[in-house]
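This report concerns only the one structure given below.
The values are calculated or read from the model by the stated rules, or taken from the named source; none is laboratory data. Every value quoted in this text rests on a predicted model; they were computed, and no experiment measured them. All Cβ positions, even for glycine, are placed from backbone atoms using ideal geometry, and neighbour counts span all protein chains on display.
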């Protein structure tokens, strides 16, 4: 069976909610490096945004983030044939069309993994489709590439059902939790997370913040109550699956 038929079968399995089969087929497509197939202007696969976002969510694409950005722009302009060929001729309406079409894909780009030169020459021309706070952080990243001031509050503000996962320096512990409520408190306040940790909002690179650990869980989260540093964290938004 060729990859085109495998893709069609994956879409059908996804529609019928055969999750295990869909995942296995998707893994096969990824291993076959089919990201480019999704973004081939002559391919009908371009018409399925949900399949594209599913691919972009993966960590094993083995594709540079700047290349993924190029693919997305190419994907969008293919979908919207009315867009002018030259970016300098685009109107505000054209920009909004691009932003609307890519709204599910833009958050999946790891912007801070993109080299400075690519941010300037590839991302900056389309800065109007990005969230203003994100673009401000990217500008700061250009000036201070080793210390982008992207705080936990910046990422989570206004969002509900957030899962945070952190890696503790020196121990390789993975800790975190779920906050089902919207992050809309001042940064000095505390938000209680379900059965896990309580974090202050302001932590960022090399800045001390506070964490409260509940010691009375049936299964302890940590074996020590000493202070610790976080070397990396990821934030995920839980979205209700549409049927």
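Remarks
Residue-by-condition table, conditions (1) assigned by TED's automatic domain parsing to the domain that holds residue 122; (2) outside any helix (DSSP H, G or I); (3) modelled with pLDDT of 75 or more:
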{"residue": "6", "(1), (2), (3)": "no, no, no"}
{"residue": "28", "(1), (2), (3)": "no, no, no"}
{"residue": "37", "(1), (2), (3)": "no, no, no"}
{"residue": "45", "(1), (2), (3)": "no, no, no"}
{"residue": "54", "(1), (2), (3)": "no, no, no"}
{"residue": "69", "(1), (2), (3)": "yes, no, yes"}
{"residue": "104", "(1), (2), (3)": "yes, yes, yes"}
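- A single entry from 95, 123 fulfils the requirement of being closer than 26 Å to residue 235 by Cβ and modelled with pLDDT of 85 or more: 123.
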